[in-house]
Amino acid sequence: MGILVSVDPSRHARAPSQTFRVSGMIWEREQTMAKVTIRYTEYFTEAIQRMREDGLLLVTAGADGKANVMTIGWGAIGSIWGRPVFIVLVRPSRHTYSRLEEVGEFTVNVPPLELAAGVNLCGTVSGRDHDKFQEARLTPVASRQVRPPIIQECVVHYECRILHKNDVAPGALVQAILDDAYAQGDFHRLYFGEVVAAYADQDAAHRLSAAAAGAFPMARP
């Protein structure tokens, strides 16, 4: 059964640019369009389609409060243990892995088509060596319920707290998946995040309609 998160209606109003501190970092926030609470299944088709095209943006934060963003091409939205869940897969070699182990929260952000170049960059360089927010021109904005920020330029957002995690078991995988996805090892850890808040831009349906209508090759993490 889906969970609707109650949000103060005043948060839906347009607001001027403001600077504030989150988890020890200072971010500039510009609200150009209200983000409204949604059911976590409301943009299921569009979110999965964007994940299969360019990918979605997974944002984490370490114990030091520093945020990181990476592109994910694999994941799942569903209902487990009677809770709304977003499952993300992260390899131990990724910078994001240590962030998730330190702070058991994350956000998943659905980018519109015009962010394709930035999404590609976030999937090709490491946050260990790059400020991907700055290089991809993405704006981290304080979340409503969790410590990692959302990305202002994205149009749908899922805030998640980790309920469970487990590692891919090589012996349980069919050979075709082992050959295709794990030729070098580095087996994913799966993070089951309870969706504690879900919201979207008011024009999200329009901006994602082209994505939902298409059939594109699958993105890879």
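The values are calculated or read from the model by the stated rules, or taken from the named source; none is laboratory data. Just so it is clear, the model here is predicted, and its values are computed rather than measured. Note that we place each Cβ from the backbone using ideal geometry, even for glycine, and neighbour counts take in every protein chain shown.
Just a few scattered comments:
- Matching entry among Arg83, Arg99, Arg52 (being farther than 25 Å from Lys35 by Cα and buried (at least 16 other Cβ atoms within 10 Å of the Cβ)): Arg99
- Wholly within segment 81-174, helices (runs of 4 or more DSSP H) carrying at least 2 residues that are within 19 Å of Leu190 (Cα to Cα): 95-102
- Considering residues of segment 110-137 that are buried (at least 16 other Cβ atoms within 10 Å of the Cβ) and closer than 15 Å to Lys66 by Cα only, the residue modelled with the lowest pLDDT: Gly127
- Residue that is surrounded by the fewest Cβ atoms within 10 Å (Cβ to Cβ), among those in segment 138-184 that are over 18 Å from Asn109 (Cβ atoms) and among the small types (Gly, Ala, Ser): Gly171
- Filter result for Arg50 (farther than 22 Å from Val168 by Cα, in contact with a helix residue (DSSP H, G or I) (Cβ under 8 Å, 6 or more places away or on another chain), charged (D, E, K, R) and at pLDDT 95 or above): yes
- Residue list for segment 166-182, filter: more than 20 Å from Thr71 (Cβ to Cβ) and either touching a strand residue (DSSP E or B) at 6+ places or on another chain (Cβ under 6 Å) or of a type in the set (D, E, K, R) (or both): Asn166, Asp167, Asp179
- Enumeration of residues in segment 163-200 that are β-branched (Val, Ile, Thr) and more than 19 Å from Ala47 (Cβ to Cβ): Val168, Val174, Ile177
- The residues of segment 51-69 that are in contact (Cβ under 8 Å) with a residue 60 or more places away in the chain and of a type in the set (Lys, Arg) amount to a single one, Arg52.
- Filtering segment 47-75 to residues that are more than 14 Å from Ile162 (Cα to Cα), among the aliphatic types (A, V, I, L, M), out of contact with any His (no Cβ under 9 Å at 6 or more places or on another chain) and in a strand (DSSP E or B) leaves Leu56, Leu57, Ala67, Val69, Ile72.
- Meets criteria (of a type in the set (D, E, K, R) and under 30 Å from Arg83 (Cβ atoms)) for Arg137: no
- Looking across segment 125-179, the residues that are acidic (Asp, Glu) and in contact with a Ser or Thr (Cβ under 9 Å, 6 or more places away or on another chain) come down to Glu153, Glu159.
- In the set Thr107, Thr37, only one residue is crowded, with 17+ Cβ neighbours inside 10 Å, more than 15 Å from the chain's Cα centre (by Cα) and among the polar types (S, T, N, Q); that residue is Thr37.
- For beta carbons closer than 9 Å, sequence separation of 6+ or different chains, a first residue in segment 158-177 that is touching a residue at least 40 places away in the same chain (Cβ under 8 Å) and a second that is aromatic (Phe, Trp, Tyr) and surrounded by fewer than 14 Cβ atoms within 10 Å (Cβ to Cβ), the qualifying pairs are Leu163/Trp81.
- Pairs with Cβ under 7 Å, 6+ apart, first in segment 92-115 and over 22 Å from Gln152 (Cα atoms), second surrounded by 21 or more Cβ atoms within 10 Å (Cβ to Cβ) and among the β-branched types (Val, Ile, Thr): Tyr97/Val90
This table checks each residue for (1) touching a His at 6+ places or on another chain (Cβ under 8 Å); (2) hydrophobic (A, V, I, L, M, F, W, C).
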{"residue": "Val108", "(1), (2)": "yes, yes"}
{"residue": "Gly118", "(1), (2)": "no, no"}
{"residue": "Ala136", "(1), (2)": "no, yes"}
{"residue": "Pro140", "(1), (2)": "no, no"}
